[in-house]
1. All but one of (1) open to solvent by 10 Å² or more (accessible area, probe 1.4 Å); (2) closer than 27 Å to Ser30 by Cβ; (3) at pLDDT below 95; (4) not small (Gly, Ala, Ser) hold for Ile107; state the number of the condition that does not hold.
2. Cβ-Cβ below 6 Å, separation at least six or inter-chain, first residue in the range 22-34 and among the hydroxyl-bearing types (Ser, Thr, Tyr), second buried (at least 17 other Cβ atoms within 10 Å of the Cβ) and part of a strand (DSSP E or B): which pairs?
3. Need pairs with beta-carbon distance below 9 Å; first residue farther than 20 Å from Gln353 by Cβ and within the range 229-249, second surrounded by 10 or more Cβ atoms within 10 Å (Cβ to Cβ) and of a type in the set (Gly, Ala, Ser); sequence gap 6+ or separate chains.
4. With among the hydrophobic types (A, V, I, L, M, F, W, C) and in contact with a Pro (Cβ under 7 Å, 6 or more places away or on another chain) as the only criterion, which of Phe14, Phe44, Phe110 stands out?
5. When you go through Glu58, Glu6 one by one, which is the residue that is at pLDDT below 90, surrounded by fewer than 21 Cβ atoms within 10 Å (Cβ to Cβ) and of a type outside the set (Lys, Arg)?
6. Residues in the range 333-343: is at least one under 30 Å from Lys28 (Cα atoms) and open to solvent by 60 Å² or more (accessible area, probe 1.4 Å)?
7. If I filter the range 89-117 down to residues being in a loop (DSSP other than H, G, I, E, B) and in contact (Cβ under 8 Å) with a residue 24 or more places away in the chain, which single residue comes out as nearest to Val20 (Cα to Cα)?
Amino acid sequence: MTVGKETMGEQPIFTCKAHVFHIDPKTKRSWMSASSAAVSVSFFYDSSRNLYRIISVEGTKAVINSTITANMTFTKTSQKFGQWSDVRANTVYGLGFASEAELGKFIEKFQEVKEAIQAQQCGATAKTTNGSGAATPVASATASPLLAARAPAGDEPPALSPAQVPKPAENDEMMVHQRAHSVSSTLQGGYATVGRAPRGPLASAGAPPDTSNADSTEQQLRYENDRLKLALAQSSANAKKWEVELATLKSNNLRLTAALQESTANVDEWKRQLHQYREEVARARHYATGKGGDANEVEQLRQRVAQLEAELTQKNEELAQITKSKKSEQDAEAKLAQSQLELALAAQDGQRQVIQALNDQLSRQIDELSTIHREINTALQT
């Protein structure tokens, strides 16, 4: 059957719009965009074989062709992004939706399909146990319990315009998911999930590995990864805060320097005026002595000199007070800035140690999971 085309035996039961991504087969830690825009992603039911598939086609290229099995799990990794692993296709598919509500609808449909498959398997097992043989496939497409319960066109979401669909390169949810996937891809990168239970004899090639503790291990790794991202975000926010504080301190220092320069210029001006007054008084005395000037004029000149000296004294006192206050203010701000910087550096060192410890812990856990992963692959290949 051609992928994406309906036949008499395979009919669509649910369709939505999403960006499609594939895990990088080389690194298993980053996503590659499989569609250039949001494309239709559909659940199909093949009544002749009792199979459910997820199919998505862009142009003439099938970007998703995944047969759903009972042990598949769809994982929601962010508000608008989810993923599932297909062992048969040896890849991990990722879907980026325009809203969290659309992602929720997809998860509900995925769970319904899994439950239908599990019910079919249980029915087949019961018939085999009772000696009636394998279950006979139903020829009609309505044999699927999902098709029987589906309202006409009720699951079809409205088409999204390009403006409503986030571009893969600009999707902020994908940036967070790519960091978190370094751990989850090890667990779901196309192979069986392995927990951190004490290891016994490896399973034979015919039996699947034990997955009893897989969920708890994955949750623990995600928790550690979330703590690491929170510490990094906190450190970045603190760094920006310290940059703002340093800029404020530099601005205050420039203002204080300008005020001191202005005060120095005023002192120089006052000294120049005093020198000018003294020269004027000296000339007046010389004139009064040489010409035998009037005593009243001399007295007026003396009073003028005394007045000027009093003004100079007052100006010197004001200058001393201004200089003292500016210096004390500058010293206080400098001490405060120094203490704040010391506290900031100490906090940054502490956060750096926490981040390093988290990194070391995650690296150890990833190494352990990689070792278990290799051992299981070796056992499955023997």
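The values are calculated or read from the model by the stated rules, or taken from the named source; none is laboratory data. These numbers were taken from a predicted model, which means no experiment stands behind them. Ideal geometry is used to build each Cβ from the backbone, glycine not excepted, and the neighbour counts take in all protein chains shown. Heads up: the accessible areas ignore ligands, DNA and RNA and are worked out on the full protein's heavy atoms, side chains in. Shrake-Rupley method; radii C 1.70, N 1.55, O 1.52, S 1.80 Å.
1. Among (1) open to solvent by 10 Å² or more (accessible area, probe 1.4 Å); (2) closer than 27 Å to Ser30 by Cβ; (3) at pLDDT below 95; (4) not small (Gly, Ala, Ser), Ile107 violates only (3).
2. What qualifies is Ser33/Phe21.
3. Filtered contacts from the range 229-249: Glu245/Ala337; Glu245/Ala344; Leu246/Ala337; Thr248/Ala337; Leu249/Ala334; Leu249/Ala337.
4. Phe44
5. Numbers: Glu58 fails: at pLDDT below 90.
Going through Glu58, Glu6 in turn, the sole match is Glu6.
6. We begin by selecting, within the range 333-343, every residue under 30 Å from Lys28 (Cα atoms); these are none.
No, because not a single residue in the range 333-343 is under 30 Å from Lys28 (Cα atoms) and open to solvent by 60 Å² or more (accessible area, probe 1.4 Å).
7. Phe97
Here's the yes/no breakdown for (1) surrounded by 14 or more Cβ atoms within 10 Å (Cβ to Cβ); (2) at pLDDT 85 or above; (3) over 60 Å from the mean Cα position of the chain (by Cα):
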position	(1), (2), (3)
His286	no, no, yes
Asp294	no, no, yes
Glu299	no, no, yes
Gln303	no, yes, yes
Ala306	no, yes, yes
Ala310	no, yes, yes
Ala320	no, yes, no
Asp331	no, yes, no
Val354	yes, yes, no
